[in-house]
Amino acid sequence: MPTAIITGITGQDGSYLAELLLKKGYQVIGVARRSSTVNYERINHIVDDITIVQGDLQDQGSLLSLLEEYKPSEVYNLAAQSFVPTSWNQPALTGDVTALGVTRMLEAIRFVNPKIRFYQASSSEMFGKVMEVPQREETPFYPRSPYGVAKVYGHWITVNYRESFDMFATSGILFNHESPRRGMEFVTRKISNAAASIKLGKTKELRLGNLEAQRDWGFAGDYVEAMWLMLQQDHPDNYVIGTGETHAVREFCEIAFAHVDLDYKDYVVMDEKFYRPAEVDLLISDPSKARAQLKWEPAVSFKELVTMMVDSDLARLKKQ
Ligand code: NAP
Ligand code: G4F
């Protein structure tokens, strides 16, 4: 039975990846940082099937000892301070976790067993003010937030350890991926939750920032399959993962509200508070390398994603 370590197990992607690896027969070790209240909401249904260990990307020793104890063949580094607006309020913390945390994990692997296969959760935020449309593996980076800058560091340190120490270190450049398990502060979940809540008469309006920003949105459940496929290749590499389609935030609102027979224009209020100091206006992937080499294709369409999220929030709110 192969053993995989997942950092960020309590997050959206950690939960889907753990489910996938369990199905494939892995022993799954999930790394969670210590907090005063347990936040296993996304993994409660599988918590008895995985091993949760305490660890923190800010603490080198914790990473070394968990690799020594569990001897994984694969490490998926999903942990990060992942919310872009927070990265302007806490830029140093974002750099420490999201950038230097990658080096700490790579160093731990180099010391304990450099044969361990490593996956780094890189991001389309690295393309920022895009230098090319659509974005592919060779598109130059131009990050627009401290988060994006930290992810560029994480990407390049992964490439550097691959080239310096011949390690199997792979960087997955994933475009936005969402699900009913997405954090409430991200725009898609904020919209799906508000559409459901307004429909049920629990809320009256939805306050949003830039409705014209365009993203290449896919389903997180599809994207964790790509992570696993990347570590099953003969050689480490960089891969862009996305749908190849882009949609505006406004379009997400339109579909989400229409799904519950409402017109978003009657409820969405523009609020300056949610505008960013520097915006990423347009992201759209060219996933042809992943399609050709990994044989990866997303299964869930944009409309299916939006309606899946609204339906899930409706069901959850009805129970409350
Ligand atoms: P998420 O839901 O925000 O999860 C982030 C995880 O990181 C949580 O489990 C969090 O733990 C953990 N974490 C934060 N700081 C930590 C630290 N110092 N030590 C250990 N763990 C820590 O993010 P996600 O959407 O699943 O994304 C997974 C990864 O992919 C992230 O690296 C993100 O930046 C990247 N990414 C995401 C997308 C996307 O669209 N979702 C796209 C491209 C790249 P707590 O629960 O304790 O906070
Ligand atoms: O949902 P968002 O906060 O996601 P963002 O900034 O694209 O980042 C996500 O995707 C990245 C991949 O490209 C990940 F690396 C990152 O970790 C994260 O998962 O915002 C999407 C867009 C932005 O342009 C934002 O300005 O929605 C716009 N927006 C408009 N109103 C809003 C809001 N975003 C949020 N969070 N809240 C609003 O009220």
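The values are calculated or read from the model by the stated rules, or taken from the named source; none is laboratory data. Model, not experiment: these values are computed from the prediction. Here the Cβ is made from the backbone with ideal geometry for all residues, glycine too, and neighbour counts use every protein chain on show. Accessible surface is based on the protein model in full, side chains and every heavy atom, while ligands, DNA and RNA are left aside. Shrake-Rupley method; radii C 1.70, N 1.55, O 1.52, S 1.80 Å.
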Handout entry: Value of relative contact order over the chain, rounded to a whole percent, pairs C-alpha under 8 Å and six or more apart
Key = 17 percent
Practice task
Rounded to the nearest Å, what's the spacing between the alpha carbon centres of region 268-320 and region 164-178? Just the number, please.
Solution key: 21 Å
Completion exercise
Percent relative contact order for region 54-117, counting Cα pairs under 8 Å at least six residues apart, stands at 49 percent
Handout entry: Mean accessible surface per residue for region 231-292, computed with a 1.4 Å probe while every protein chain stays in place, in Å²
Key = 50 Å²
Handout entry: Relative contact order computed over region 55-177 (Cα-Cα under 8 Å; 6+ residues apart), in percent
Key = 29 percent
Completion exercise
P(r) of region 50-191 over all Cα-Cα pairs, 10 Å bins starting at 0, rounded to whole percent, reads 12, 39, 36, 13, 1
Practice task
Quickly work out the A92-to-D311 label distance, labels modelled 7 Å from Cα along the C-beta direction, and quote it in nm with one decimal.
Solution key: 4.8 nm
Exercise for the section: Take the Cβ-Cβ distance between D281 and S35 as r, set R0 to 41 Å, and report the resulting FRET efficiency rounded to the nearest 0.05. Expected result: 0.70
Exercise for the section: Pick out which of E137, E125, E69 has the largest mean-square fluctuation in a Gaussian network model of the chain, springs linking Cα atoms closer than 10 Å. Expected result: E69
Fill in the blank from the handout: Per the helix-only model, the chain has a calculated mean residue ellipticity at 222 nm (DSSP H runs of ≥4, -39500 (n - 2.57) each, divided over all residues, rounded to the nearest 500) of -11500 deg cm²/dmol
Completion exercise
Pairs over 29 Å Cα to Cα, from K24/K71; K265/K303; K295/K318; K129/K273, come to K295/K318
Fill in the blank from the handout: Note to self: Kirkwood Rh of the chain, Cα pairs, one decimal, Å, is 20.1 Å
Handout entry: Geometric extent, Cα atoms of region 121-205 - Rg, Dmax (angstrom)
Key = 17.5, 58
Handout entry: Kirkwood Rh (inverse of mean 1/r, distinct Cα pairs), region 106-147, angstrom
Key = 12.4 Å
Practice task
At q = 0.25 Å⁻¹, what is the base-10 log of I(q)/I(0) for region 234-318 according to the Debye formula with one equal point scatterer per Cα and no solvent? Please give it to two decimals.
Solution key: -1.22
Practice task
Give me the compactness ratio for region 63-137, meaning the Cα radius of gyration over 2.2 N^0.38 Å.
Solution key: 1.32
Problem - Built amide H within the under 5 Å cut-off of S122, gap 5+ - result: G172, L174
Problem - Rounded Å value of the spacing that divides the Cα centres of region 194-214 and region 69-120 - result: 34 Å
Problem - Accessible carbon and sulfur surface of the chain relative to its total accessible area, %, 1.4 Å - result: 49 percent
Handout entry: Heavy-atom accessible area per residue - region 43-128, 1.4 Å, Å²
Key = 41 Å²
Completion exercise
Counting only DSSP beta bridges fully inside the chain, the antiparallel percentage to nearest 5 is 5 percent
Completion exercise
At q = 0.24 Å⁻¹, the log10 of I(q)/I(0) for region 7-124 from a Debye sum over equal Cα scatterers comes to -1.57
Fill in the blank from the handout: trypsin sites (Lys or Arg not before Pro) in region 166-213 lying in a DSSP loop, each with at most 16 other Cβ atoms within 10 Å of its Cβ, come to K202, K204
